[in-house]
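The values are calculated or read from the model by the stated rules, or taken from the named source; none is laboratory data. The model shown is predicted, which means the values in this text are computed figures rather than measured ones. Positions of Cβ are backbone-derived with ideal geometry, glycine not excepted, and every protein chain shown enters the neighbour counts. Accessible surface areas use protein heavy atoms only, side chains included; no ligands, DNA or RNA. Shrake-Rupley method; radii C 1.70, N 1.55, O 1.52, S 1.80 Å.
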Amino acid sequence: MRIGILSSGGDCPGINATIRGVGKTALNHFEMEVIGIRYGFQGLLNRDYTPLGDAKLSGLLNLGGTILGTSREKPFRQILENGDSEKPQTIVNNYKDLKLDCLVCIGGNGTQKTTYQLSKLGLNVIGIPKTIDNDVFGTDFTFGFDSAVHIATEAIDRLHSTASSHNRVMVIELMGHRAGWIALYAGMAGGADVILLPELGCDIDKVNETILKRAQKGKPHSIVAVGEGLKLNGIEGSPASRLSKLIYEGTEIETRETILGYVQRGGSPSAYDRNLATRLGGYATEMISKHQFGKMVAIVGGQITSIPLEEVAGKTKLVTPDNDLILQGKRMGISFGI
Ligand code: F6P
């Protein structure tokens, strides 16, 4: 068999480990041929690809980013906007010209949706979920998330000492798009005093009350971890500076903000993410060998499995108020701003 692999959407730690997992399993175990498609679906439109032999698959396990490059090309967007189906048709034609037996698409929610749409056009496809945001429906975890949580936790750890030295409130804004997974996991692991998630919203009076109560107990410093998707007073966009202004106005405690940004997405994957990526890659290749297409590989309850792309497409996995970390955090006096 001849398989193509691409990465699409924002990069994250673990994509290269996945390419390695798919590629080495395909070459060594199933004797398949593998080509890498550059810059996501853009490469499939432009026939921009490179053969992935043994040499190119070495040295990838700990490498951040993606050796194939990525883009946010959405080939089905124009169909929705003006009925123009040229791009999907070009992709179908190029898939055939490249003599592919399957296309493996590594990506987040948008990518899984595109992959599903391609399967409806008759292509053999497999989706592999990736994102630091951990918001892909149908899988408990995505690789990239654990690495991002490690980086964010270390950042919060470092804020504690400067917050307490200056008796300041430190607001740290974490990535995650509309999902609060990184803010929740890193906030809890880093011992934040207030954790604000886009899914739960925020009552600023409650936040200030928590900070003032801490000050009354002799702890005038506080750490506030906030997900970037939190809407404050219904306003979208980076909440950190508006939040720190509202906290200062409500508490009169000096407040500073940190927007952690893209360091959460860069660099080497954690050991957990490397092994998750390797397992998902191997499982995807095995599915290809069995001609099981139109599915996304996933980890559910610790087991590697798969789910039909039809059930994934167009959905997002958000934090729910009954999450055990939230419930435990509340029991310990951590404020979730509600
Ligand atoms: O999906 C990953 C992510 O890093 C989000 O957390 C963030 O909102 C977004 O991508 C940033 O996207 P871009 O790379 O387009 O700036």
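Given charges of +1 on the Cβ of Lys and Arg and -1 on the Cβ of Asp and Glu, with all other atoms neutral, how large is the dipole of region 129-274 about its Cα centre, in debye to the nearest 20? List each step's numbers first, then the result.
On the way: 15 positive and 19 negative charges, 59 e Å.
Charge dipole of region 129-274: 280 debye, to the nearest 20.
Would you work out the relative contact order for the chain, in percent, from Cα pairs under 8 angstrom that are 6 or more residues apart?
Averaging sequence separation for qualifying contacts and normalising by length gives 22 percent for the chain.
Just to make sure I understand: if all protein chains stay in place, what is the order of 175, 332 by accessible area at 1.4 Å, largest first? Each step should come with its number before you reach the end.
On the way: 175 25, 332 120 Å².
Largest accessible area first, the residues go 332, 175.
Counting only C-alpha contacts under 8 Å and six or more residues apart, can you give the relative contact order of region 235-304 as a whole percent?
Reported relative contact order: 19 percent.
So for region 146-265, averaging the separation of alpha carbon pairs under 8 Å that are six or more residues apart and normalising by length, what relative contact order in percent results?
36 percent
For region 35-48, just list the computed ³J(HN,Hα) in residue order, Karplus coefficients 6.51, -1.76 and 1.60, θ = phi - 60°, integers in Hz, with x standing in for Gly and Pro.
Rounded to whole hertz, the list is 10, x, 9, 7, 6, x, 5, 4, x, 6, 6, 9, 6, 9.
Note down the nm distance, to one decimal, between modelled labels 7 Å out along Cα→Cβ at residue 209 and at residue 140.
3.5 nm
So what is the calculated 222 nm ellipticity per residue for the chain, using -39500 (n - 2.57) for each DSSP H run with n of 4 or more, over all residues, to the nearest 500 deg cm²/dmol?
Calculated from helices alone, the mean residue ellipticity at 222 nm is -12000 deg cm²/dmol.
Compute the Cα gyration tensor for region 146-265, then decide on rounded, prolate or oblate, letting a ≥ b ≥ c be the square roots of its eigenvalues: rounded whenever a/c is under 1.5, prolate when a/b is larger than b/c in the other cases, and oblate in all that remain. Could the numbers behind the result be given before it?
Details: a/c = 1.83, a/b = 1.22, b/c = 1.51.
Since a/c reaches 1.5 but b/c is at least a/b, the shape of region 146-265 is classed as oblate.
Going down the list 213/245; 217/330; 24/130; 87/317; 206/231, which pairs span over 27 Å between their C-alpha atoms?
Over 27 Å Cα-Cα: 87/317.
In degrees between 0 and 90, to the nearest 10, how far off the longest principal axis of the chain does helix 240-251 point, with axes built from Cα atoms?
It is inclined by approximately 20 degrees.
Pick out which of 201, 59, 176 has the largest mean-square fluctuation in a Gaussian network model of the chain, springs linking Cα atoms closer than 10 Å.
Taking springs between Cα atoms under 10 Å, the residue moving most is 59.
Averaged per residue, what accessible surface does the chain expose to a 1.4 Å probe, in Å²? Provide the component values of the computation, followed by the final result.
Details: 14440 Å² over 338 residues.
It amounts to 43 Å² per residue over the chain.
Where the accessible area of the chain is counted over protein heavy atoms with a 1.4 Å probe, how much of it, in %, is carbon and sulfur? Numbers along the way, then the final one.
Values: 6900 of 14440 Å².
That fraction is 48 percent.
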